[in-house]
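Below is one structure, written out as structure tokens, with a few remarks after it.
We did not get these values from a lab; they are worked out from the coordinates using the rules stated. Given the structure is predicted, the values throughout are model-derived calculations rather than measurements. Here the Cβ is made from the backbone with ideal geometry for all residues, glycine too, and neighbour counts use every protein chain on show.
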Amino acid sequence: MWKWNRRRESTARSVGTADVRTEERLIGKVPGRAAKVPSKCMPLHKYLVNRFADSVVLTFAQLEDLLGFALPDSARAQQEWWTSTDSDKSSCADAWILAGRTAKPNLLARTVTFERPMVL
């Protein structure tokens with residue numbers, strides 16, 4: 001019952017650490033991933049890391065505002081752009097993967113749900 005509170009406290013401790021930058025804390029945490037989030041996608045990464053909710057829904061327009069550039073056409077038309085772990089297909093995939101989230105796009109609604117895996 002209190003798992004959410006323990007996770008909240010541990011998240012607050014790790015996010016609140018002022019002397020350690022977020023991207024440095026995440027280096028090497030996900031096997032097979034780049035050690036660093038691309039700078040163009042860092043705003044999305046920081047946004048997702050600092051959200052308490054397990055599920056964050058953003059529209060494509062909100063993502064573009066957050067990132068400061070337009071999403072590629074493949075992001076609007078292909079599920080694989082969001083779900084692929086191949087950094088050649090999605091250069092921003094490291095932003096949500098290293099933030100501990102998965103991306104589930106709804107291409108018709110033009111939204112993406114970024115979810116944390118359930119901790120048992």
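Let me know the number of lysine pairs in the stretch 29-115 closer than 19 Å at the Cα, not counting same-chain pairs under 8 apart.
Values: K29/K46; K36/K46; K36/K89; K40/K89; K46/K104; K89/K104.
Lysine pair count for the stretch 29-115: 6.
In the stretch 37-120, what trypsin sites (Lys or Arg not before Pro) fall in a loop by DSSP, with at most 16 other Cβ atoms inside 10 Å? Sites meeting the loop and neighbour criteria: R51, K89, R110.
Among F60, F114, F52, the ranking by other beta carbons within 10 Å of each residue's beta carbon, starting with the fewest, stands as F52, F60, F114.
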